[in-house]
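J.: One structure coming up, written as structure tokens, with questions to follow.
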Amino acid sequence: MRGSAQKTFRFDNTQEMSTEKVCLECGEPLKGRADKKFCDDQCRSNYNNKMNSDVTAEMRNINNILRKNRRILESVVHEDGKGKISKMKLHDKGFNFKYFTQMHTTKSGGIYKLCYDYGYLPIENDFIMVIKWGMFANTN
Ligand SMILES: [Zn+2]
């Protein structure tokens, strides 16, 4: 009799354990508040860093291209926030025209493509106008 009672107790105990919440980062059982998701700040920050990092190789490639594009645009722009370069030269620097982060149509119908905070616009004679976007927020 005693043995079977103990068995029941153990069974209940196991049930309880299987529904116990675990840390989203390391999988250790969580103790304390019911809404806890991590055992400590270290696990929370590891988890968040992972979530915010480039999750696939494809994402990493695209982000690298965008960052490179931005660097190239930055190198073209002068202190007044503007620059001009031929399309060919931009291409030679390794600029990838397929990738950009935003598009902006001006009132005059020009379409700026942006790589983060730098934008470019094709102008006459295969030249490209490059601007630091923040300095010309009202560009039209
Ligand atoms: Zn943890």
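J.: Taking amide hydrogens as modeled 1.01 Å from N in the peptide plane, which residues meet the under 5 Å criterion relative to Val22, leaving out close sequence neighbours?
T.: Here Leu30 satisfy the definition.
J.: Would you mind computing, in nm to one decimal, how far apart the modelled labels at Ala57 and His91 are, each placed 7 Å from Cα along Cα→Cβ?
T.: Placing both labels 7 Å along Cα→Cβ, they lie 2.9 nm apart.
J.: Say the cut-off is 22 Å between C-alpha atoms; which of Lys50/Lys98; Lys68/Lys107; Lys21/Lys50 go over it?
T.: With Cα atoms farther than 22 Å apart: Lys50/Lys98; Lys68/Lys107.
J.: Show log10 I(q)/I(0) for the range 46-140 at q = 0.12, 0.16, 0.22 Å⁻¹, two decimals, from a solvent-free Debye sum over equal Cα scatterers.
T.: Result of the Debye calculation: -0.42, -0.68, -1.09.
Only the coordinates and a few stated rules stand behind these numbers; no lab work does. Remember, predicted model here, so these are calculated numbers, not experimental data. A quick note on method: Cβ atoms are made from the backbone with ideal geometry, for glycine too, and the neighbour counts reach across all protein chains shown.
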